[in-house]
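The values are calculated or read from the model by the stated rules, or taken from the named source; none is laboratory data. Since this is a predicted model, take the numbers as computed values, not measurements. Positions of Cβ are backbone-derived with ideal geometry, glycine not excepted, and every protein chain shown enters the neighbour counts. What goes into the accessible areas is simple: the full protein's heavy atoms, side chains included, and nothing from ligands, DNA or RNA. Shrake-Rupley method; radii C 1.70, N 1.55, O 1.52, S 1.80 Å.
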Amino acid sequence: MVLSEAAVSGHKRRGVAVAGISRICYGTGVLLLLFTLSFAGEQPEQLRCKIIDIKGAVQLWSKTSSAMGTLKRSDDLSSGKTLILKDDASLHLTFEPLIDLFIEKSTIIGFDNLLVERTGGVIRMHCTMEKGTFFLKAPSQAGHTLLFTLRTPAATIDVSTVEISITVSDDGTTVAEVRHGSAKVLPLESALKTVLNSGSRGEIKRSKPQVMLSGIGDSTAVLHKKHQKQPSIAILSVKSKDKSEENLEHISNSVASAFEKSTSAKVLFLDDVKKLLHAEGVDRLLDCFTDSCISRIGAQAGVDIVIVGNLGQLGTTHILDLKMVDVLRDKLLKRTSISVTDDLGLILKEIPGAIGKLVETDLVLTSVVESPATAEPASTPALYQEKIVWIFPGGFVMGSNCKSGEVDELPAHKVKLNGFFIDRFEVTRDEFEKVMGYNPSSAKGCSNCPVTDVTWQEASDYCTKVGKRLPTEAQWEYACRAGSTTPFYTGMTITGDQANFNAQKPFGGSPLGPFKGKIVPVGSFPHNSWNLHDMYGNAAEWCADWYDIAYYGNSLETNPPGPKTGKLKVVRGGGWSSDGNGLRSSNRMAYNPELRLNTIGFRCVQPDEPDVPKKK
């Protein structure tokens, strides 16, 4: 059924449908809409800047040409350029329309993306700063929305309308002081963001998950409600398996229109954000609606809260369910539903009331950004429980060459995989005992340490009971590498600060490091670039495959399931007692499936689509 024109009158604006991702400013915050309709539009342009003042020598490194030069003209600066300011240098830049950036001496800052989408007025600035100091002054931009992201050795910081100074020390320690507006800070070693409001200061140390908070002096703005920032909000798709794209488009427009009328919102349409995600190489996120994808979209767009919609039908009754989720804390804030009988078009009349109920939670939303979401220690159950990550479909080179690998890692070969979910952390003793009724680990205590001393069958049974299964060997290596091609996802070497293993026996020329001699809580070490923890060390991990030393020579290219039979099962990743060589991404181990070792545990996967070739 297609809704009539009369039923949807008043829900079109500028002749453009609100579909896919749209972003709405909520007060001074942001609201993002995601729908799955396709579009065709112009690509974003380079953001123009003007040199207001320059003192001393400012060097300019070009990633494209791999050449070093000197900053002389305003048009020298563009995406892919890095500024290097010496001890006697300073620089004042103004980006269109009115964004001032003051860069102090001894600063190295790279501009990964400087983009503007003219039609929607979206400005995207993505920077990386190794060390130094800068001050950003970005008042409300007439007709534009700024999305500014800065990555330092210790944290990722997202801002929009703000006055903020950021300093990065030689050791990577990052200090952010917010004069006006707010900033969202995500330590690189944490899964939780902290919001800094006007008058607050946050300090983040490298390899630490916490943000140390304090005031910056006698700033009175933090005391006045008119300076309080509403949270950024994302509405991630009104989804339906049964309804046409045209119907979803009309409902999407109605949701957007209701938010505009209920708040001081500004709507940016799908193509605005889609172009930005495309420019940063993450446009595939638009096709994914899992929790992990929502988090990644939020990280790219700088949002705090999502509203997820689902449209279903029970008999002749159409039901639209909307829920508001605090993504900083993985907490459901509010939920509301609309139901109509027979005529789907009637749902449009009910949407404003439903949106009104969500807007009534202003006080709850404000508390989201006023109460810092300081990261819990990685050893607390709240951080690891029920966490899964979506791994996008793709290809990689599995195995290694004869120079760096063992004979069973040959030949290096191309593998293509469907997408799948995988546990972010290894299964813990507490999780295993709750499902299976016992804890096989020989070392007791530490409920959030990986479960060990578990047979292959016990690991497989646990995964089955929670609706998952053990990963194939190919899935494990693909997720572990996370796009890397080096021996480790950390590069050519790995240290005792990056994984729990016997760093007294390193690999690839790394210096000697500590050897803890025991297993530690999950998530105690940094994650890889796909947010997976402990893929190296701590507990080695059972895989689904039988082991065959020559299997790589006969492996299927697409979704290889492993050998049909065997005597040993594959184990990957190395454990707390392994040497550095045993942790390599391509390293294969094999054990009797009935064996219990205090160095072997597991994690589970949940395929989103059939991933084992079917027999014809």
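Data table
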| quantity | calculated |
| --- | --- |
| Candidate set: the stretch 112-130, residues that are of a type in the set (S, T, N, Q) and out of contact with any helix residue (DSSP H, G or I) (no Cβ under 7 Å at 6 or more places or on another chain); chosen: the one modelled with the highest pLDDT | THR128 |
| Subset tally (residues that are polar (S, T, N, Q), in contact with a Pro (Cβ under 7 Å, 6 or more places away or on another chain) and open to solvent by less than 10 Å² (accessible area, probe 1.4 Å)) for the stretch 175-218 | 1 |
| Subset of the stretch 141-155 that is modelled with pLDDT of 80 or more and surrounded by fewer than 21 Cβ atoms within 10 Å (Cβ to Cβ) - its residue that is nearest to LYS131 (Cα to Cα) | PRO153 |
| Residues of the stretch 116-126 classified as under 16 Å from ASP100 (Cα atoms) and open to solvent by 10 Å² or more (accessible area, probe 1.4 Å), total | 1 |
| Residue match in the stretch 75-82 (condition: touching a Leu at 6+ places or on another chain (Cβ under 8 Å), crowded, with 21+ Cβ neighbours inside 10 Å and assigned to a strand (DSSP E or B)) | no |
| Subset of the stretch 46-69 (residues that are modelled with pLDDT under 85 and either closer than 26 Å to LEU146 by Cβ or touching a strand residue (DSSP E or B) at 6+ places or on another chain (Cβ under 9 Å) (or both)) | LYS63, THR64 |
| Test: SER62 is surrounded by 13 or more Cβ atoms within 10 Å (Cβ to Cβ) and either among the aromatic types (Phe, Trp, Tyr) or under 21 Å from LYS131 (Cβ atoms) (or both) | yes |
| Residue match in the stretch 504-511 (condition: under 21 Å from TYR536 (Cα atoms), open to solvent by 20 Å² or more (accessible area, probe 1.4 Å) and among the hydrophobic types (A, V, I, L, M, F, W, C)) | yes |
| Which listed residue is under 17 Å from THR167 (Cβ atoms), open to solvent by 50 Å² or more (accessible area, probe 1.4 Å) and either aromatic (Phe, Trp, Tyr) or touching a residue at least 40 places away in the same chain (Cβ under 8 Å) (or both), from LYS137, LYS105 | LYS105 |
| Criterion violated by GLY172 - all others in (1) in a strand (DSSP E or B); (2) of a type outside the set (A, V, I, L, M, F, W, C); (3) on the phi > 0 side of the Ramachandran plot; (4) open to solvent by less than 10 Å² (accessible area, probe 1.4 Å) satisfied | (1) |
| The stretch 47-76 residues that are closer than 20 Å to LEU115 by Cβ and in contact (Cβ under 8 Å) with a residue 12 or more places away in the chain, paired with ones that are among the aromatic types (Phe, Trp, Tyr) and surrounded by 13 or more Cβ atoms within 10 Å (Cβ to Cβ) (beta carbon under 6 Å, 6 or more apart) | LEU47/PHE95; CYS49/PHE95 |
| Scope the stretch 400-431; condition among the charged types (D, E, K, R), over 18 Å from CYS463 (Cβ atoms) and part of a loop (DSSP other than H, G, I, E, B); matching residues | LYS403, GLU406 |
| The stretch 552-575, residues that are more than 14 Å from TRP476 (Cα to Cα) and either open to solvent by 40 Å² or more (accessible area, probe 1.4 Å) or without any contact (Cβ under 8 Å) to a residue 60 or more places away in the chain (or both) | GLY553, ASN554, LEU556, GLU557, THR558, PRO563, LYS564, THR565, GLY566, LYS567, LEU568 |
| When residues of the stretch 477-495 are limited to those that are open to solvent by less than 10 Å² (accessible area, probe 1.4 Å) and closer than 25 Å to PHE515 by Cβ, the one modelled with the highest pLDDT | CYS480 |
| Test: residue in the stretch 514-526 that is outside any loop (DSSP other than H, G, I, E, B) and buried (at least 18 other Cβ atoms within 10 Å of the Cβ) | no |
| Lone qualifier among ASP461, ASP453, ASP423 - being open to solvent by 40 Å² or more (accessible area, probe 1.4 Å) and in contact (Cβ under 8 Å) with a residue 24 or more places away in the chain | ASP461 |
| Looking only at the stretch 84-102, and only at residues there that are touching a strand residue (DSSP E or B) at 6+ places or on another chain (Cβ under 6 Å) and closer than 19 Å to VAL159 by Cβ, the one that is most open to solvent (accessible area, probe 1.4 Å) | PHE102 |
| Every residue from the stretch 439-476 that is at pLDDT 95 or above and among the polar types (S, T, N, Q) | THR452, THR455, GLN457, SER460, THR472, GLN475 |
| Residue match in the stretch 430-439 (condition: free of Cβ contacts under 8 Å to residues at least 60 places away in the same chain and open to solvent by less than 10 Å² (accessible area, probe 1.4 Å)) | yes |
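For every residue, the table says whether it meets (1) open to solvent by less than 40 Å² (accessible area, probe 1.4 Å); (2) in contact with a helix residue (DSSP H, G or I) (Cβ under 6 Å, 6 or more places away or on another chain); (3) modelled with pLDDT of 55 or more.
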position: VAL303; (1), (2), (3): yes, no, yes
position: LEU383; (1), (2), (3): yes, no, no
position: ILE391; (1), (2), (3): yes, yes, yes
position: ASP408; (1), (2), (3): yes, no, yes
